Structures are given as structure tokens and as C-alpha cells.
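Student: Quick one: the structure is below, questions incoming.
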Amino acid sequence: MTDALVRVGVVGVGSIGRHHARILAAAPDAEFVGLFDTDFDRAGRVAEEFGCTAWTSLEGLLGSVDAVTVAVPTPAHAEVGERCLAAGCDIMMEKPLAAGIDDADRLIAAAERAGKLLQVGHVERYNPAVEALLPRVDNPGFIEIHRMGTFVERSLEVDVIADLMIHDIDIVHSLVDAEVTDVRAVGIPVLSNEIDIANARLELSSGCIVNMTASRVSMNRVRKVRIFQPRAYFSVDYSDQSVACYRLQDEDGGRASIAGDPVMVDKGEPLLAELRDFVACVRTRDAVRVDGRAGRRAMATALKIRAALTLAVGS
């Protein structure tokens, strides 16, 4: 496969899957075979937009590709993912990996049995600002994250923790390899039947404290994380793809000062980088950046938050 184009398709072309189709249709190292969606009218519109085939059955698409990206509603992740793996396809599953831990374990086991790649779509791992940040972080003591967005009528089958906060949960685990030892959380539904705004305080076994707020009912869009570690502070804007760094510096005479430490960021589209990396891994058989076990870890923490939050709101 290293010398051939990777034959790839998209399963589910709603708001996220459509962007998968857009990127893969223009990918120079992939042959975009086509797409499948249970909404045949939507599938036809997206296929016409990007000049590809809209398959009338999932099995038809799977029989013609080496790999697929899956962007169906979360409750269907396990069933659709297992069908794709059983057909011999590598898959990139949009986050969260599944609706529950048992379903996540089913997918991980199915991928291992089939010898296929299972990547999870935690796209912020491919944000250039995060990529520039990761090698600079060392034993943080406090992390504060705000992810606020306006209300959009999609992904309402899950709460804001699985919809938005899970991105930041995954980033926390990539910054600090430590277990969650304590969780406190509050949240309420506002415009949907699920929790729309939530705040969580995590304590990690390293001693790091994490404070996260996620909302899908805010007036303005905010995507920011601040990290405090010995002798350094980082402020990251996911949207602007910028990193500000300030460090404590010792000066002559024993005095100390705070100085800026410029961080260069090569800006780009995270989803584009994510899908190109997936296609490259399918070709080379290298390990994916965010595998099923990383996706499961983020899910497990999200479920701990949801459990704590359920007790807090009394639902």
C-alpha cells in the first residue's frame, strides 16, 4: 500500500462528515471513493458537491475502500465501527469513541482482532498551537480551560461533556500522564434535554488541579487554555492558534524577573492535518496519534465528570 493511493470513504455526512468529504476529495495521497449516509438526499447533495459517489448501502462502500472516516451520531459508533472493521477497513472514528465504556471496549477489541487501525477524532491534538505547546509543558500544577460556543442544533443526543469538553479532557491527558483521583462538577440543561453548560474540577495523581468549563449556549465563541507550571505560564488560544509563554528568569544579584518566551506557531487547519495523518498511517501502518485506548481514557474521565455532575444537579 505504500506505493498506491489509499482508497477512502466517509460514513455519515452531517455537519462534521461533510468536512471530511471536502478534505478527502482534495487529498493528493488518497482516492476518495465516496460516501454513505442513511439520509439518501443529504448523501446525494454532498456527493454532488464534491464530485463523488453516494453509495446506497454501507456494505457497498466498505467493499470498495481501504479505510473510512465515521461521523455518525454517537449512539451508532459501536455498531457502525464494528461493521467497518469486520469488512477489513481501518477507521477514524469521530469523538467520542463511543456512547459508553463497554461499546468503546468492543471497538478496541474488534480493531485488535482485525489488525486494523482505530483512530479517534480528537482534532485538537492536531491544532498547531497544541503541537507547539506539548513539548514545553513540564509537570504543571494548575490548568484552566474555557470552551464556550453558541447553540447549534447538532450532537444534541449527547451532553456538552461528550460534545465539547471531551476535547479538553483529551488534551489534559496528553499534557499530564496521571490518573484522575477526584472529580467535582456542576451543570445544567438550558436549551436541550441534556446538560448544555458544565464546570468540572479534577484532581490528578500528580497533584495537578484542572478546572474546565464547557458551554454550547454562550453568546461568544471562546477556546482557551492556561497552564501554570514551576517557573512558567502558558496561555493558548485554540481558535487563533497562538501560544503566549512567560518564564521566571534569574538575573544578576539574585533578583528574578518575568520575561516573554516567544512561541512560533505554523497555523493550519487541524482537521486537514488529522485526516492527512490518518491516510498516511493507513499507508505506512504506523501507529495513529490518538488510538482507541486514548479515546477510551478521555471517555472514562468524561463519564466520571458526568457521574459527579449527576449527583450535583440531583438528576
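The values are calculated or read from the model by the stated rules, or taken from the named source; none is laboratory data. From a predicted model like this one, the values you see are computed outputs, not experimental measurements. Heads up, the Cβs are rebuilt from the backbone with ideal geometry, glycines too, and the neighbour counts pull from every protein chain shown.
Student: Filter the stretch 67-100 for residues that are touching a Lys or Arg at 6+ places or on another chain (Cβ under 7 Å) and in a helix (DSSP H, G or I); which is surrounded by the most Cβ atoms within 10 Å (Cβ to Cβ)?
Tutor: Leu85
Student: Residues of the stretch 188-206 being within 30 Å of Asp138 (Cβ to Cβ) and hydroxyl-bearing (Ser, Thr, Tyr), which ones?
Tutor: Listed by number, the residues that qualify are Ser205, Ser206.
Student: I'd like the full set of residues that are in contact (Cβ under 8 Å) with a residue 12 or more places away in the chain and more than 23 Å from the chain's Cα centre (by Cα), limited to the stretch 7-28. Break it down into steps so the answer makes sense when it comes.
Tutor: In the first step, residues of the stretch 7-28 are kept if they are in contact (Cβ under 8 Å) with a residue 12 or more places away in the chain; the result is 7-25, 27.
If the condition is that a residue be in contact (Cβ under 8 Å) with a residue 12 or more places away in the chain and more than 23 Å from the chain's Cα centre (by Cα), then Arg7 is the only one that fits.
Student: Take Arg113 and decide whether it is surrounded by fewer than 17 Cβ atoms within 10 Å (Cβ to Cβ), of a type outside the set (Gly, Ala, Ser) and on the phi < 0 side of the Ramachandran plot.
Tutor: Working: surrounded by fewer than 17 Cβ atoms within 10 Å (Cβ to Cβ): yes; of a type outside the set (Gly, Ala, Ser): yes; on the phi < 0 side of the Ramachandran plot: yes.
Spelling it out, Arg113 is indeed surrounded by fewer than 17 Cβ atoms within 10 Å (Cβ to Cβ), of a type outside the set (Gly, Ala, Ser) and on the phi < 0 side of the Ramachandran plot.
Student: Tell me, which residue of the stretch 28-51 that is at pLDDT 95 or above and in a loop (DSSP other than H, G, I, E, B) is surrounded by the most Cβ atoms within 10 Å (Cβ to Cβ)?
Tutor: Top of the filtered list is Asp37.
Student: Read through the list (1) of a type outside the set (Lys, Arg); (2) over 18 Å from the mean Cα position of the chain (by Cα); (3) surrounded by fewer than 17 Cβ atoms within 10 Å (Cβ to Cβ); (4) assigned to a helix (DSSP H, G or I), then give the number of the only condition that Ser64 fails.
Tutor: (4)
Student: For the condition farther than 23 Å from Arg285 by Cα and touching a Pro at 6+ places or on another chain (Cβ under 9 Å), what is the one hit in Ala47, Ala99?
Tutor: Every option except Ala99 fails the conditions.
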